[in-house]
Amino acid sequence: MSTDDTKTGAQAMRALDMLETLSGRVLDGMSNKDLAEAMRCPPPYVTRTAETLIRKGWVEKDESTGRFRITTRFSRLTFRVMADFDRAKTALEQSQRNYTLSN
């Protein structure tokens with residue numbers, strides 16, 4: 001694995017860590033310092049990670065407080081996953097009904 005791959009993997013892990021950490025703080029968000037402590041990384045890493053997630057639209061920074069929080073855009077991913085599970089469940093139930101009716 002190259003150094004670039006290792007760096008990219010670490011950045012991706014920090015982004016996922018940040019999303020997990022912020023997921024419990026939707027209303028009040030977290031400061032850069034709080035995130036750095038929770039994620040066990042230097043504050044500049046938090047800043048760079050947040051910038052990436054902000055560009056993606058998954059995190060926002062409240063300019064009045066300086067705190068970061070997850071956006072509704074990221075939260076909607078959960079609903080998309082659940083809808084996909086519902087479609088899979090419905091398809092499985094239909095297959096089971098078809099199998100039962102044909103035997």
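Nothing in this text is a laboratory measurement; each read-out follows from the coordinates by a stated rule. Quantities reported herein were computed from a predicted structural model and do not represent experimental measurements. A quick note on method: Cβ atoms are made from the backbone with ideal geometry, for glycine too, and the neighbour counts reach across all protein chains shown.
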Would you pull out the residues with amide H under 5 Å of Thr71's amide H, same chain only if 5 or more places away, H placed 1.01 Å from N?
Val59, Glu60
Can you compute the charge dipole magnitude of the chain about its Cα centre, using +1 on each Lys and Arg Cβ and -1 on each Asp and Glu Cβ, nothing else charged? Give it in debye, rounded to the nearest 20.
180 debye
Percent of alpha carbon pairs in the chain separated by more than 19 Å?
54 percent
